[in-house]
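Before any comments, here is the structure.
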Number of protein chains: 2
Amino acid sequence: MLTQSEENYLKAIYSLSEDQKESISTNLLAEKMSTKPSSVTDMVKKLSDKELISYQKYQGCELTAIGKKTALQIIRKHRLWEVFLVNKLNFGWDEVHEIAEQLEHIQSAKLTDHLEEYLGYPKVDPHGDPIPDKNGIFEKINKSIALSDVNLKGKGSVVGVEDGSSGFFQFLKRYEIGLGTEIQVMEKFDFDLSVLVLINGKEISFSSVVANKIFIQVK
Amino acid sequence: MLTQSEENYLKAIYSLSEDQKESISTNLLAEKMSTKPSSVTDMVKKLSDKELISYQKYQGCELTAIGKKTALQIIRKHRLWEVFLVNKLNFGWDEVHEIAEQLEHIQSAKLTDHLEEYLGYPKVDPHGDPIPDKNGIFEKINKSIALSDVNLKGKGSVVGVEDGSSGFFQFLKRYEIGLGTEIQVMEKFDFDLSVLVLINGKEISFSSVVANKIFIQVK
DNA sequence: GTTAATTTTTAGACAAGTCTAAAAATTAAC
DNA sequence: GTTAATTTTTAGACTTGTCTAAAAATTAAC
């Protein structure tokens, strides 16, 4: 039985492990969790005692097989609840993250499985992220790529975004960008890593910050 | 912003206030919360500081108007989630209490309201208890009465039960008692306050403990 | 209307999760 | 390959919610 805090740490470690293969440093994890490195040290010791992560002093941490499976179950719940909120309760995909952060901690495997069935076994959440099944297995069907990594003249449709802040969603709304929106990269500027894209016939310039957060599936 | 513990105390105080008009004693609340009186003293001080209850040393506590409203919002969430679990996810009415105990603490008024709409504005939960609206108002349409209080030869259908323990639900299942089951009180024994009832053509004797927990709507 | 039983509160302690400030280890710089 | 900068850990403290044990207040008993 894990506390909400422990679950959030596991999720954060999993998320960071997706971006980089090496072990996760204390400082990096502290930043992700919006807390202090000393607090992280305390927590990784605890999670290590529970054999959910491997941890050596000064060497960062890494999920064990059990830890990874546990993290995936939390992610599974988060994404299923997001589907519920958007598909059944008519929330916008830009307002479900915070609520799902709470719902993901509800303890009942039966509830999760019933919810999944009720939703018709969805494969992806409203942000385009894949939903692990009860064994933690999910298809990496969305070989999505950040706008910043798309080749010149590359074209595709939006399948997901990173960053959960509402400010970013406001931004997307302003430019009428949603799941499925067609985007083509017209020019790439090396000096500031910004990109000029074509959306609905209009040319728009995106900073590298934005270009790193919008993911499209190239055709 | 209240902690889950604070919310649970408010709910308990509300529940006890339903049974008796006087202020709630520390010991009684401790028993209800399955904790020690000293812990209760600490908590009622905190809730009193927040003006959710009125509390005078050695005099017990009582919900303020704001405290009552807050408690009713938690109860509202609990019961709406129970309806969801039973009506949408096909849970039995005897297995939803524990999960609803967790879901009732999810913080989002918008979620609660959307859920209510999605469920079609139900008036009662699967146990027959009324669901308060967003202003904390609910109809006391179910003038249900405990089996122990039904007059001799009184007849009616089950509209609710008290006690959330799974043992009790097992008991009900064993005797095939559910919402709507017809019950008639055939005899009442003063010496042990037990009752002899007629259910589905069979005569069954209920102890006073049980008779206090089954509520019927007399015709 | 004292004394006894019960209830309630206080005082001090503990675990979880966090913090600050200081010490220790690692990494980088020259 | 020492010295300096950075990262990480330790030590001690704070908060929340709980506990035990003892003291204080209330209620009951005679």
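What follows is calculated from the coordinates using simple rules that are stated; it is not laboratory data. These figures come from a predicted structure and were not determined experimentally. Cβ placement follows ideal geometry from the backbone for every residue including glycine, while neighbour counts extend to all protein chains displayed.
Take A:Lys134, move 7 Å from Cα toward the beta carbon, and the resulting point lies 3.6 nm from the same point in each other copy, nearest first. Between B:Asn212 and B:Ser148, the built amide H atoms are under 5 Å apart, and every one of these is 5 or more places off in sequence or on another chain.
Shown here is the pair-distance distribution of segment B:7-63: with all Cα-Cα distances grouped in 10 Å bins from zero up to the longest one, the shares run 26, 66, 8 percent. If you take the Cα centroid of segment A:1-55 and the Cα centroid of segment A:71-106, the two points sit 22 Å apart.
In terms of distances greater than 30 angstrom between alpha carbons, the cross-link table entries A:Lys173/B:Lys123; A:Lys134/B:Lys36; A:Lys11/A:Lys213; A:Lys45/A:Lys69 yield A:Lys173/B:Lys123; A:Lys134/B:Lys36. Here the ratio of the Cα radius of gyration of chain A to 2.2 N^0.38 Å is 1.10.
Across segment B:153-162, rounded Karplus estimates of 3J(HN,Hα) from the backbone phi angles (6.51 cos²θ - 1.76 cosθ + 1.60, θ = phi - 60°) give 6, x, 9, x, 10, 5, 10, x, 9, 9 Hz, Gly and Pro being marked x. From the largest down, the protein assembly as shown spans 91, 45, 41 angstrom on the principal axes of its Cα atoms. The ranking of B:Phe215, A:Phe168 by Cβ neighbour count inside 10 Å, starting from the fewest, reads A:Phe168, B:Phe215. With the simple model of a label 7 Å out from the Cα in the direction of the Cβ, A:Tyr118 to B:Asp192 spans 4.3 nm. A cut-off of 5 Å between modelled amide H atoms, ignoring neighbours fewer than 5 places along the same chain, links B:Glu187 with B:Leu196. Counting only DSSP H runs of at least 4 residues, each contributing -39500 (n - 2.57), and dividing by the residue count of chain B, the helix-based mean residue ellipticity at 222 nm comes to -11500 deg cm²/dmol. When all alpha-carbon pairs of segment A:32-109 are counted, what percent fall beyond 18 Å? Result: 55 percent of Cα pairs exceed 18 Å. For segment A:85-172, the convex hull drawn through the C-alpha positions has a volume of 122 cubic angstrom per residue. Long-range amide H contacts for A:Gly160: which residues qualify at under 5 Å (H placed 1.01 Å from N, peptide plane, sequence gap of 5 or more or a different chain)? Long-range HN contacts for A:Gly160: A:Phe215. Rg of the Cα atoms in segment A:79-119, relative to 2.2 N^0.38 Å, amounts to 1.10. Within the shell defined by Cβ-Cβ distances under 12 Å, the residues around A:Met186 carry a net charge of +2, with Lys and Arg each +1 and Asp and Glu each -1.
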